[in-house]
Amino acid sequence: MPDRAGLRPARVFLALWPDRAVRDEMAEAGRRLHRSLSGRLTRPETIHLTLVFIGDLGRQRLPELLERLDAVAAPSFRVEFDRADCWRHNKIAYLAPSRPPDALFSLVARLESLLDDLAIAFDRRPYRPHVSLIRKAVCPKANPASGRVPESPEWDDLRPIMWSAKRFVLVESVPIPEGVRYDELGSFGLL
């Protein structure tokens, strides 16, 4: 049943959203990984890099949050996604940077500080930048200490993907029959 009165909280997160070229490269990487890992591919239009997961937030808080996010001054940066991996515990196959830029961690810290100032709760796990490409992946057991997948042609042939981060977004996750739809609530430029 639709929430026409806006009484249900919004399920939101802050993220980097790729341009079409990066999205297409990541979707292709997902298809290649899917050949060896099966599972459910992430729909290309939902590919993103989460910065901070907030979760449920009362809709009355959104205007203040959007206003404060608009004042964030942070530099743009580039991230090279050069590593594919798979988490066995939650069956997620993903791409990640071997050397995430300091500017990415600074942006996350700035956003977390802003949320703390607004007394908005968020997921406080240590930040591990990654882009989920497959859910319910069959992550083979490799070295139990590392959780890494064994080498395969699909993993070896992946080319690094360079992502120029020029903006971040506040996104609402809306349930739909196919899974979720992501609605952009606000977009904020990086310097």
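The values are calculated or read from the model by the stated rules, or taken from the named source; none is laboratory data. This one's a predicted model, so the numbers in the text were calculated from it and none came from an experiment. So basically every Cβ, Gly included, is an ideal-geometry build from the backbone, and we count neighbours across all protein chains shown. Each accessible area value is taken on the protein alone, full model and side chains, heavy atoms only, with ligands, DNA and RNA left out. Shrake-Rupley method; radii C 1.70, N 1.55, O 1.52, S 1.80 Å.
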For the range 149-191, give me the residue count where each residue is modelled with pLDDT of 95 or more, in a loop (DSSP other than H, G, I, E, B) and open to solvent by less than 60 Å² (accessible area, probe 1.4 Å). 1
Would you confirm whether any residue within the range 133-143 is modelled with pLDDT of 95 or more, within 19 Å of the chain's Cα centre (by Cα), over 19 Å from HIS34 (Cβ atoms) and surrounded by 11 or more Cβ atoms within 10 Å (Cβ to Cβ)? no
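Does the range 64-89 hold any residues that are more than 19 Å from GLY189 (Cβ to Cβ) and either surrounded by 15 or more Cβ atoms within 10 Å (Cβ to Cβ) or at pLDDT 95 or above (or both), and which are they?
Passing the criteria: GLU64, GLU80, PHE81, ASP82, ARG83, ALA84, ASP85, CYS86, TRP87, ARG88.
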Which of the numbered conditions does MET26 fail, given that it passes all the others? Conditions: (1) part of a helix (DSSP H, G or I); (2) at pLDDT below 95. (2)
Inside the range 39-54, can you point out the residues that are touching a residue at least 60 places away in the same chain (Cβ under 8 Å) and surrounded by 15 or more Cβ atoms within 10 Å (Cβ to Cβ)? GLY39, LEU41, THR42, THR46, ILE47, HIS48, LEU49, LEU51, VAL52, PHE53, ILE54
Scan the range 58-72 and tell me whether some residue there is of a type outside the set (Val, Ile, Thr) and on the phi > 0 side of the Ramachandran plot. no
Which of the residues that make up the range 25-38 are open to solvent by 70 Å² or more (accessible area, probe 1.4 Å) and touching an Asp or Glu at 6+ places or on another chain (Cβ under 6 Å)? ARG35
